[in-house]
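The values are calculated or read from the model by the stated rules, or taken from the named source; none is laboratory data. These numbers were taken from a predicted model, which means no experiment stands behind them. All Cβ positions, even for glycine, are placed from backbone atoms using ideal geometry, and neighbour counts span all protein chains on display. When the accessible area is computed, the model is the full protein with side chains, heavy atoms only, and any ligands, DNA or RNA have been set aside. Shrake-Rupley method; radii C 1.70, N 1.55, O 1.52, S 1.80 Å.
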Amino acid sequence: MKQQHKLKQAGFILLFAVILLSACKKSFLDLKPYTSVSSDVAITNESDMQAALGGAYGNMNSVNLFGRTIPLFGDLVADNVYISTINSNRYLDFFQINYTVTDANMQGIWQSAYSTISRANNVINSSLQGNENVDQLRGEALAIRALMYFELVKFYGKPYTVDPNALGVPLILSYDPTLKPKRNTVQEVYAQIEKDLTDAANLMTQDKSSGFFTKYAAKALLARTYQFKGDWAKALSTAEDVINNSGYSLLTLNDVQSFWQNNTDRNDKLEVLFEVVFDATNNIGNSSLPYFYDQNGYGDALATESLYNLYSNTDVRKSWFIVGSPVRGTDAKVVNKFPNTGSPDKDEMKVIRMSEVYFIAAEAAYQTNNEALALTYLNAIATERDPNFAGYSSSGQNLLNDILVERRKELAFEGHRYWDLARNNLDVTRVNLANNYPGNVPLTLPTSNFRRIFAIPQAELDANPNIREQQNPGY
């Protein structure tokens, strides 16, 4: 059954994420909203805590977060997706790699992520203590806060593997409407993410549907955190903990098509550890990522030829593409991974799933000199997507390349591709976007380009004098 706590939320810049209630008159209108007051005032019982946590979950379906911008960026700025010449003028800044300090999409991520953090902080810092339900809810809030900081430090700070001492983003861990914070370092932000996820996993004991954080969803995200840090021993041990002990199963060949046609959050522990849920009541309609791909929607984003050509004709994932569009040409590669755009109950946005955990384990095993184990984890997925494929037998750099290619194929349109290139300090090279594409967009994004990371939004610089001198170079 769909979770019903999703709330449509607006974003606010960091300094105003904790808003003040305007002058309303009597009755319930006089109650202060959960995100406007310190948690000891607003949260007095488990029901209050659950409601406050629902606001944090609901915020993540914002168009600025997992509703569209976050997953789209990871494919569009890389080499998986391009914007058709027939378009609605959306996300051309990303595609053309031409974002500035006043970029609305850039500011939207900052606003909505910090608004979500503010909501999570209210739950985390509540004075309620002492039972399994409270611990579970606090653990979920810690995981949400960690996820938001993970996204923020990716977008606004250099990769940990490039420069952990570079400036990251401000860490806001409690309610303070007067705070004007400076930026913490990338290393400090990752340390907080690691702490939050470790604490979350220790607090959570309840099994829930895939629309909620649980112990092993937090551990899976922790494995990803270690991967992005290049802490390969911990990445491997944490990923294997999830694989061996979570009870979640890997998506098999016979499950793939029905899995993506499913539009309800799952209770069967198949593949999805955590996803952001969109149902018939709580969704963002034509602002969603699937609508941006759907040729009956905006249809602006198409898959690149270079991605499409990676799949063999017997690969079940080839069903994620429809060849040809009445508007965009007979050779257009239309994304069909999210088939429920026209349904009242919408597609969920996968945040982390077991296939990714297997890839983390494969890459971590390779990086810790256990190529046999790396091949085991890699082939567990690759052979379950193509019945005619006997599996990889590569070694050395070729094995790492195969892991990254299979990640690209399996996680396409879920927002991972650019970040795989970024954490490995690799250039983005756009090859074969589409047949006869005009070619008036940047075909490379080298590691030396300052737009590898976002600017701190101008609205934040204007509001916070302590961050004004901490802009990322080049902007």
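Can you spot a residue in segment 308-315 that is open to solvent by less than 10 Å² (accessible area, probe 1.4 Å), of a type in the set (Ser, Thr, Tyr) and assigned to a helix (DSSP H, G or I)? No, the conditions are met nowhere in segment 308-315.
Here is a yes/no grid of residues against (1) small (Gly, Ala, Ser); (2) closer than 28 Å to Asn296 by Cα; (3) in contact with a helix residue (DSSP H, G or I) (Cβ under 7 Å, 6 or more places away or on another chain); (4) surrounded by fewer than 19 Cβ atoms within 10 Å (Cβ to Cβ):
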| position | (1), (2), (3), (4) |
| --- | --- |
| Phe73 | no, yes, yes, no |
| Asn80 | no, yes, yes, no |
| Gln111 | no, no, no, no |
| Gln129 | no, no, no, yes |
| Ala141 | yes, no, yes, no |
| Val153 | no, no, yes, no |
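Would you check which residues across segment 50-67 are of a type outside the set (S, T, N, Q) and either part of a loop (DSSP other than H, G, I, E, B) or open to solvent by less than 10 Å² (accessible area, probe 1.4 Å) (or both) and list them?
Filtering segment 50-67 for residues of a type outside the set (S, T, N, Q) gives 51-58, 60, 63, 65-67.
Listed by number, the residues that qualify are Ala52, Leu53, Gly54, Gly55, Ala56, Tyr57, Gly58, Met60, Val63, Leu65, Phe66, Gly67.
Every condition in (1) within 24 Å of Asn313 (Cα to Cα); (2) open to solvent by less than 20 Å² (accessible area, probe 1.4 Å); (3) not basic (Lys, Arg) holds for Thr376 except the one numbered (2).
Against the numbered list (1) within 21 Å of Val81 (Cα to Cα); (2) modelled with pLDDT of 95 or more, Asp331 comes up short only at (2).
Do any helices (runs of 4 or more DSSP H) lying entirely in segment 68-159 carry at least 2 residues that are under 17 Å from the mean Cα position of the chain (by Cα) and in contact (Cβ under 8 Å) with a residue 40 or more places away in the chain, and which ones are they? Before the answer, list the steps.
Working: elements: 69-76, 92-95, 104-124, 132-156.
Of the helices (runs of 4 or more DSSP H) lying wholly inside segment 68-159, those with at least 2 residues that are under 17 Å from the mean Cα position of the chain (by Cα) and in contact (Cβ under 8 Å) with a residue 40 or more places away in the chain span 69-76, 104-124, 132-156.
Of all the numbered requirements in (1) in a loop (DSSP other than H, G, I, E, B); (2) among the basic types (Lys, Arg); (3) under 24 Å from Tyr156 (Cβ atoms), Lys195 misses one, and that requirement is (1).
Checking the condition touching a residue at least 12 places away in the same chain (Cβ under 8 Å), farther than 30 Å from Thr330 by Cα and either open to solvent by 10 Å² or more (accessible area, probe 1.4 Å) or of a type in the set (Ser, Thr, Tyr) (or both), which residue from Thr447, Thr429 passes? Give the derivation first.
Values: Thr429 fails: farther than 30 Å from Thr330 by Cα.
None of the other options fit; the residue is Thr447.
Select from segment 175-190 the residues that are over 19 Å from the mean Cα position of the chain (by Cα) and at pLDDT 95 or above and write down the one among them that is surrounded by the most Cβ atoms within 10 Å (Cβ to Cβ). Before you say what the answer is, go through the steps one by one.
Initial filter on segment 175-190 (over 19 Å from the mean Cα position of the chain (by Cα)): 175-185, 187-188.
With at pLDDT 95 or above added as a condition, the list becomes 181-185, 187-188.
Values: Pro181: 15, Lys182: 12, Arg183: 22, Asn184: 20, Thr185: 19, Gln187: 17, Glu188: 17.
Top of the filtered list is Arg183.
Limited to segment 317-327, what total is found for residues that are crowded, with 18+ Cβ neighbours inside 10 Å and in contact with an Asp or Glu (Cβ under 9 Å, 6 or more places away or on another chain)? Spell out how you get there, then give the answer.
Step one: of segment 317-327, the residues crowded, with 18+ Cβ neighbours inside 10 Å are 317, 320-321.
Filter again for in contact with an Asp or Glu (Cβ under 9 Å, 6 or more places away or on another chain), leaving 317.
Qualifying residue count, segment 317-327: 1.
If a residue must be of a type in the set (D, E, K, R), out of contact with any Asp or Glu (no Cβ under 6 Å at 6 or more places or on another chain) and either at pLDDT below 95 or assigned to a loop (DSSP other than H, G, I, E, B) (or both), how many such residues does segment 409-461 contain?
Taking segment 409-461 and keeping what is of a type in the set (D, E, K, R), we get 409-410, 414, 417, 420, 423, 427, 430, 451-452, 460.
Now drop any that are not out of contact with any Asp or Glu (no Cβ under 6 Å at 6 or more places or on another chain), which leaves 409-410, 414, 420, 423, 427, 451-452, 460.
Keeping just the survivors that are either at pLDDT below 95 or assigned to a loop (DSSP other than H, G, I, E, B) (or both) gives 414, 427.
Adding up the residues that qualify gives 2.
Inside segment 330-363, can you point out the residues that are open to solvent by 30 Å² or more (accessible area, probe 1.4 Å) and in a strand (DSSP E or B)? Break it down stepwise before answering.
At the first step, the residues of segment 330-363 found to be open to solvent by 30 Å² or more (accessible area, probe 1.4 Å) are 330-331, 336, 339, 342-346, 358.
Of everything in segment 330-363, those that are open to solvent by 30 Å² or more (accessible area, probe 1.4 Å) and in a strand (DSSP E or B) turn out to be Thr330, Asp331.
Among the residues of segment 431-469, those that are β-branched (Val, Ile, Thr) and under 20 Å from Asp103 (Cα atoms) comprise Val441, Ile453, Ile456, Ile467. From the list Tyr308, Tyr358, the one residue that fits, being out of contact with any Cys (no Cβ under 8 Å at 6 or more places or on another chain) and free of Cβ contacts under 8 Å to residues at least 40 places away in the same chain, is Tyr308. Of the residues making up segment 257-277, those that are open to solvent by 10 Å² or more (accessible area, probe 1.4 Å), modelled with pLDDT of 90 or more, out of contact with any Ser or Thr (no Cβ under 6 Å at 6 or more places or on another chain) and in a loop (DSSP other than H, G, I, E, B) number 2. I'm checking my understanding of the structure. Among residues of segment 191-213 that are buried (at least 20 other Cβ atoms within 10 Å of the Cβ) and of a type outside the set (A, V, I, L, M, F, W, C), which one is nearest to Arg138 (Cα to Cα)? Residue satisfying both the conditions and the ranking: Asp196. When we screen Asn435, Asn401 for residues that are over 22 Å from the mean Cα position of the chain (by Cα) and touching a residue at least 40 places away in the same chain (Cβ under 8 Å), the only hit is Asn435. Looking across Tyr149, Tyr160, Tyr156, Tyr82, one residue alone is modelled with pLDDT of 95 or more and in contact with a Ser or Thr (Cβ under 7 Å, 6 or more places away or on another chain). It is Tyr82.
Can you work out which of the residues in segment 221-256 that are of a type in the set (Gly, Ala, Ser) and open to solvent by 10 Å² or more (accessible area, probe 1.4 Å) is nearest to Asn388 (Cα to Cα)?
So in segment 221-256, the residues of a type in the set (Gly, Ala, Ser) come out as 223, 230, 233, 235, 237, 239, 246-247, 249.
This time we only want the ones that are open to solvent by 10 Å² or more (accessible area, probe 1.4 Å), so: 230, 233, 237, 247, 249.
Values: Gly230: 34, Ala233: 33, Ser237: 31, Gly247: 28, Ser249: 22 Å.
In this case the residue turns out to be Ser249.
Restricting attention to segment 28-49, does a residue exist that is part of a loop (DSSP other than H, G, I, E, B), touching a Pro at 6+ places or on another chain (Cβ under 8 Å) and at pLDDT below 95? Steps first, please.
Within segment 28-49, the first condition is being part of a loop (DSSP other than H, G, I, E, B), and the residues that meet it are 31-33, 37-38, 43-45.
Now drop any that are not touching a Pro at 6+ places or on another chain (Cβ under 8 Å), which leaves none.
Scanning segment 28-49 turns up no residue that is part of a loop (DSSP other than H, G, I, E, B), touching a Pro at 6+ places or on another chain (Cβ under 8 Å) and at pLDDT below 95.
Within this structure, Asn296 passes the test of being out of contact with any Leu (no Cβ under 9 Å at 6 or more places or on another chain), outside any helix (DSSP H, G or I), open to solvent by 40 Å² or more (accessible area, probe 1.4 Å) and touching a residue at least 12 places away in the same chain (Cβ under 8 Å).
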